[in-house]
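Working notes, beginning with the structure itself.
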Amino acid sequence: MPQRPRRVTVTSPQTRLAHARGRARGRWRVPRLDPADADRALRLYRRQRAQALRALAAVLALLIGLPAVFALWPQAQEVRVLGIPLAWPLLAWLPYPAMMLLARWQLRRAERVEDG
Amino acid sequence: MGALAAVALVVAGTLVIGLRGVAAMRTTSDFLVASRRVSPLLNSAAVSGEYLSAASFLGVAGLVVKDGVGALWYPVGFTAGYIAMLILVAAPLRRSGALTVPDFAEARLRSPLLRRLSAAVVLVIGALYVVPQFRTAGLVLSAVSATPYWVGVVIAGFVVSVTLALGGMRAATYVQAFQFGLKLLLFIVPAVWLVVLAGPEVRHAAVHPVDFTRFAADTPVSFQVDVTLVVEEPTRVRTGEGDVLRLRPGEHRMAGGTSAVFPEGARVPEVRGDAPLDAQEWARPLLDQEGDGHPLVGTWAVLVATALGTMGLPHILMRFHTSPDGRAARRTAAITVALLGVFYLFPGVYGVLGRVLVPELYLSTATDTVVVALPAQVDTGWAGALVTALLTMGAFAAFLATSLGLVLVMAGAIAHDLLPGGLRRLRVTVVGVAAGTVLLALPAAGIDVGVVVTWGFTVAAATFCPLLVLGVWWPRLTASGAVAGVLTGLLTTLGAIALALFGPPLGGLGGLLVTQPALWTVPLAFAAMAGVSLRGRPPSWSRRAMLRLHLDERRLEGPGGPPPGGRTAGGR
């Protein structure tokens, strides 16, 4: 049985040179946008920015507000619910479901902006 | 021995799953970002797996024992970081088509200088973050078995470099998704077991903390690192060798590697540099780490560092590039919030139980080991040993997962951004970075993991966070503005860290702002970036470069940017 010839890649000398140099970085290109795409991108940018500001305000309210509540209302650690100081579950557990709901809301709104 | 077998199991699992990912990997893109074909659910499990490090698995519970319930603000900030990411950067960053943060910097601003500066920042953040991981791997192994510290460090370095050098990011995605499941299970089941088995008295004591001023029983304390104790009453302690040591009132230095048994009823000494375990202070839901009297400011400082720093962590950002498109990247961030939220319901359980069952860990400053120390306190039989082994397994999985991502991203910064390189050089660099980390971690047994990791977050928050947020949302950002802002954030934060490490001890608000500099370095970096940008003029394409990041993929040609044959202008 005749031996099968080895398969080789056929490339031009320039390609071989380019491969030898490595192409990890790629060349920088001036960003392009079709006029129609540019309009759409501008609309999306403005709507996403408005939504982002609303969502950021909600996050800040939680992260600045809850410590401030604890500082202004130190009795939270005296009040007990089922024997546990009220402040503990407010800190250890409450923020997580709140943040999950916030993430879901932000995701829905951001995707709706793109679908619309 | 059970604990060692558990660690061997994790290591073997990591290698097997890692090696399965070797198939079909040819280009740098395959290696770094798994050819961008990872689904949101798998990717968010991998993100969470990578993110839940030793600081989350062990550190938070340890901080609760040492600093009080307020330490639970750390995981709140860790999770909030993903909401910030979801809102601000996830989708646009993916659409930029860049592989790494330095790539993004160059694509958006066309500044090779900024690219190299970003690569250097990646190395700083990576070192601050990965050395504590390797160090904790060594400490936990030596705490649960008789192995010396260096063995665990070397094992960690070996497994990380083999997995990455052979499999790259594709391997890491599966490994980390697997490890997230493992960690979740190994954290939740023992927590429930501990609460049930602890019994009603311990549970009652746990929610009614008292001052830790007298030893309730003869209490052995082993010192892993050098500690200076401040003794107030003459105390007779038995040393590990069986000698009786009389401690007079005053300061006593306990050398690392020794142990001592404090008798029942003796007054608990204080640790120099740490606040005493006062019940009222401990139960307060705010962070007052050094006892500097500004708990509200201290809490905000930690929240700013962790929430904004998460956005700038280079190994996490790279994970978002493995999503197929911007929408998937956004979904990944949202699912990650949910996955982390489940995990973080439990560190408080370990911390509160540790405060009542093993408060003496405070004396050795080794509160990091509270999670693995607890099972033996509620059950001295085989069940306790088994749970200790399971928790050790989870902790080791935590170091491995985080270290995999960090070593990869550091190798990427060197081989991809600082030097021109292909796949082979990246593989060699991975091994080099792992070896370098082992060498840095070997003499670092005494460092405070929580502090060093938080510094890593602060550097990220003061450099990459402004770069990404302004790069994505502000068309007027210029390259020189970005360089100025990143330099300002990097130098001020490193300066504050140097002052905290080598400067005189500062009390009060000044000391707080030096040890937790995020509250002023992050706004300063934003201000420098915006100020210098406003003085210059952005190039004519700057607005297009920004708007492109907000255009959904259906309008962009092909995945990940324009086709390779597209019109080109300029060059390097």
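Every number here is computed from the coordinates shown, using simple stated rules; none is lab data. These numbers come from a predicted model, not from an experiment. Glycine gets a Cβ as well: all are built from the backbone with ideal geometry, and neighbour counts include every protein chain shown.
At-a-glance table
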| quantity | calculated |
| --- | --- |
| FRET efficiency for B:Leu419 and B:Phe158, using Cβ-Cβ distance with R0 set to 22 Å, rounded to 0.05 | 0.35 |
| Kyte-Doolittle mean at least -1.0, axial Cα span of 20 Å or more - DSSP H helices of chain B | B:2-20, B:73-88, B:112-144, B:149-207, B:295-312, B:326-343, B:382-412, B:423-441, B:449-473, B:479-502, B:518-535 |
| Within the stretch B:317-359, backbone nitrogen closer than 18 Å to the virtual label 7 Å beyond the Cα of B:Ser259 toward Cβ | B:358-359 |
| Nearest-0.05 FRET efficiency for A:Arg108 and B:Val428, computed from C-beta distance (R0 60 Å) | 0.85 |
| Magnitude of the charge dipole, chain B, Cβ model with Lys/Arg +1 and Asp/Glu -1, debye to 20 | 3160 |
| For chain B, the longest site-free run once GluC sites (Glu not before Pro) in DSSP loop states with at most 14 other Cβ atoms within 10 Å are removed | B:265-556 |
| Percent RCO, i.e. relative contact order, over chain B, from Cα pairs under 8 Å lying at least 6 residues apart | 28 |
